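Nothing in this text is a laboratory measurement; each read-out follows from the coordinates by a stated rule. This is a predicted model, so every value here is computed, not measured. Counting neighbours? That spans all protein chains shown, and the Cβs are built from the backbone with ideal geometry, glycine included.
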């Protein structure tokens, strides 16, 4: 079994031992022969989407798990180095020199509750659904979840009933909950306050919920 994983720091295992991560807990439960984890600290949904689609174009894993990130995060291309930088409202990454005149504007646009943030949540709602449709067409089992409050309204972005889409069982708690909010509500403490990374207890509990969903709906 080949398991493909992508997301931000919550799936890359930032600030915790490898054995304490969501991905390692899923390894215990699913017993895959191989895991390809492309999750990256501070990743924008642009990076997650682009890397995933590039990988899936030439590969057909047995299961795809993606934890989608903050709607306000952006990518900036550094023309001096050719690298892509991940920009977000909590300060992970940095603004390339060529973007410095726009730094304040970018910060304002990325802030929770801004009009841009709201528009981007709707944009990602449909773009992620396109990937879901593509995976259905390719007959690739998959489970998405929101690592941060993408569609659930905690940051003033809630997808109203008339705009909700049918994800089948392929998006865990899509309009109800996200990993970070669930950990906070269940009193799992942050490792570094304000970074929204949780220790072994929170990570393993969330992984168990994902596994139970996979088993319940026979996704694989």
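Structural remarks
- Sorted fewest first by neighbouring Cβ atoms within 10 angstrom, 31, 146 come out as 31, 146.
- In the elastic network of the chain, a GNM with C-alpha springs shorter than 10 Å, the most mobile of 26, 136, 11 is 136.
- Pairs of Cα atoms nearer than 8 Å and 6+ residues apart set the relative contact order; for the stretch 141-202 it is 33 percent.
- Gaussian network model of the chain, springs between alpha carbon atoms under 10 Å - residue of 173, 83, 24 with greatest fluctuation: 83
- The stretch 33-78 and the stretch 172-211: distance between their alpha carbon centers, rounded to Å: 20
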